[in-house]
Amino acid sequence: MKLFRCRASALGAVFLLFTLLLMTSFTRADALRLSADLNKDFPISALSYLADPSAVLTLDQLPPLADWQAAQANPLQFGYGEQAYWIHMGLEGNRDDFADSVIEVSNPLLNHIDVYLLRDGQVLREWRLGDALPFSQRPMLHRTFLIPLNDISSGHLDVVMRIQSETSLQIPLLVWKRQALVEHIDKDSTLTGFYFGALVLIGLYHVLIFASVRDYGFLYFGLFTLILTIVHASINGQAFQWLWPNAIYWNSVSLPVTLNITNMIGAMFVTRLLNISDTYPRLGLMQAIFVMLCIVAAAASFFFPFAIVTVITLVMSLVTFVINGIIVLVRLKDRYPPAKAIFYASFSLVLASSAVILSRLNIIPASTLVDNAMMIATLVEVLLFAFALSMRIAMDRDLLAKAQAESANAKDQLLDAQLAQNIRLDQLVKMRTQELENANSLLRKVSTTDALTGLHNRRYLDECLNEQQRLADRKAITLSLLILDLDHFKQLNDKYGHIFGDECLRQASERIQACVKRPQDRVFRYGGEEFVVVLPDTSIKAAKYIAEKILTNFRSEAVVVQGERVALTISIGIASRDGNERDIDVAELLQEADEQLYRAKELGRDRVESGS
């Protein structure tokens, strides 16, 4: 300010003109009203971007918003490159709306993110984010980038970001209410904690087996699983958050390094399990050369740009698939039983790795399936490798039996060896059986959840009803059921499309769940647009109260999907059995609730019927 005070009036005029230009730079484009029923993804109508090929523009050099490009999709995808991109988001709200809102950039691999909060051209707040900076510098300590909007007064707010990264420029932008964000983080932390914990236990478990049996197949598989865990944690940002929050350089190279090491140990495991070195020395030599190339590729990560290293890693992953495919085909021709399981396991992992890398290269679009490809592939891998190792144990038994038949004359001499081998095999079978049980437990959790709404599915409903029937008979408690059906949902689907309808189902499930508070109460997706609520130890009067509460929730506010406001109503049927009635038949109870639902439909919908 001292400089401007000592300048001539002409310079003052220039400063005034510059200020006016800055104040009017961000006056175009729709703004997201934070007071509305927010969707998780930031709407593209309030989103625009500007390419900065030379990466030299500063905030005060930006052109008016009219010269920016309107966003065509969220996430924004720009592939690899050295240029920077400026992102603009317009927001409207009062102080409480801003304080209750958080913006998320959910790609944890972006290197540099400069964030500016502006009002009338004045910078209210700014941050420097990115995985090229220490983790502790983030305003909210989370694996992705969270931007709080607290202490912002009512009115219009411009959020401007400058993003530059050696990694793929995929920029998913989300806006959260704080409570929804906390719930999302809790759920995400629980699932990923369980997932990573299971992987670490499986990896350590196999390493300990190796310490006992000295079979390098177990060592390779254990190390493979542990390093693959680090790969997943690096991709998701947990590694930077928990393992090396201040190791900036290592964080920039850890992903290609660990991916190449994963390819290396995977090749060693396949070679060992399928006995390639002894049966096909040339293939064994090919694998040995590939292992050395993986070491070179991992070392190259420390010397070459990330984009080049990513291409190298992609090539190595594809080579892994080709070589392992050749080995497995050869062993399949030999009718070697574990080969088929190893092929599918390797294929699933390589395919998932390739999908992630291709997505980072902007060759294929980002999606939920791609984002979780490695987690899904790992679960498949656990089952298939367990199956392959079990087959190898069975083969060992067959070989032992054959040796006994051929060595009948030496039965006494071989008896001690046979007993020792049987004990070892029994121990391995128990170990593999326990691993299969753990994997099946994981799969059961997935199989009892509805993928669209996150509620329990119909399969789990049958189990729950049988359990509640036994409980009601034993303790003489009342059991009540609600069956709920969205009114005119088919017409809604026909008019707006299935994607719109799916979002309505998700929002409807959230509203129903919000009205069911007790831990023992369960909400299920029964099928289509029907839901079931199981209320143990709940009288018909209390069940009616809950049903009316759900009905009021749907009546009180329209559903907002893709900018469309749709009044969504629901019909509810109730059935209940008093605890003094013996031998409660849940099938009859479900049928009665269904009949009451149809009665509600016939009487005009948007109502509750209980028959009493």
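Any read-out appearing in this document is the output of simple, stated calculations on the displayed coordinates, not a laboratory observation. Bear in mind the structure is a predicted one, so any value in this text is a computation, not a measurement. Cβ atoms come from the backbone with ideal geometry, glycine included; neighbour counts cover every protein chain shown.
Here are some notes:
- Counting every other Cβ atom within 10 Å of each residue's Cβ, Ser509, Ser441 order from fewest to most as Ser441, Ser509.
- Rounded to the nearest 20 debye, the dipole magnitude of the stretch 23-181 is 300 debye, with +1 charges on Lys and Arg beta carbons, -1 on Asp and Glu beta carbons, and the Cα centre as origin.
- Amide H within-cut-off set for Leu32, under 5 Å, with H built and near neighbours excluded: Gly90, Leu91, Glu92
- Per-residue [θ]222 nm for the chain (sum of -39500 (n - 2.57) over DSSP H runs n ≥ 4, rounded to 500): -18500 deg cm²/dmol
- Along principal axes, Cα extents of the stretch 291-348, largest first, whole Å: 44, 20, 12
- Per residue, the average separation of C-alpha pairs within less than 8 Å and at least 6 apart gives the chain a relative contact order of 9 percent.
- Scattering profile of the stretch 458-609 at q = 0.09, 0.12, 0.17 Å⁻¹ [log10 I(q)/I(0), Debye over alpha-carbon scatterers]: -0.28, -0.49, -0.92
- Ordering Arg432, Arg162, Arg214, Arg125 from the fewest to the most neighbouring beta carbons within 10 Å gives Arg214, Arg125, Arg432, Arg162.
- Global geometry of the stretch 428-521, whether rounded, prolate or oblate, following the gyration tensor of its Cα atoms and the 1.5 cut on a/c: oblate
- The chain: C-alpha gyration tensor shape, a/c 1.5 cut-off, then a/b vs b/c: oblate
- Compactness of the stretch 53-176, taken as the C-alpha radius of gyration over 2.2 N^0.38 Å, stands at 1.02.
- Distances between placed amide hydrogens fall under 5 Å for Asp578 paired with no residue 5 or more residues away or on another chain.
- The phi-based Karplus calculation (6.51 cos²θ - 1.76 cosθ + 1.60; θ = phi - 60°) puts the 3J(HN,Hα) values of the stretch 432-438 at 5, 5, 4, 5, 4, 4, 5 Hz, whole numbers, x for Gly and Pro.
- Treating r as the C-beta distance of Ala211 and Ala514 and R0 as 51 Å, the FRET efficiency rounds to 0.50.
- Global form of the stretch 332-482, assessed from the alpha-carbon gyration tensor, a/c cut-off 1.5: oblate
- Ordered by the number of other Cβ atoms lying within 10 Å of each residue's own Cβ, fewest first, Val309, Val370, Val270 fall into the sequence Val370, Val309, Val270.
- Listed by chain and number, the lysines placed with their C-alpha closer than 23 angstrom to that of Lys333 are Lys402; residues fewer than eight positions away on the same chain are left out.
- Phi angles across the stretch 270-276 convert, under the Karplus curve 6.51 cos²θ - 1.76 cosθ + 1.60 with θ = phi - 60°, into 3J(HN,Hα) values of 4, 4, 5, 5, 8, 6, 6 Hz, Gly and Pro given as x.
- Cut-off under 5 Å, modelled amide H: who pairs with Leu455 long-range: Asp450
- The magnitude of the dipole of the chain, with charges of +1 and -1 set on the Cβ of Lys/Arg and Asp/Glu and taken from the Cα centre, is near 1080 debye.
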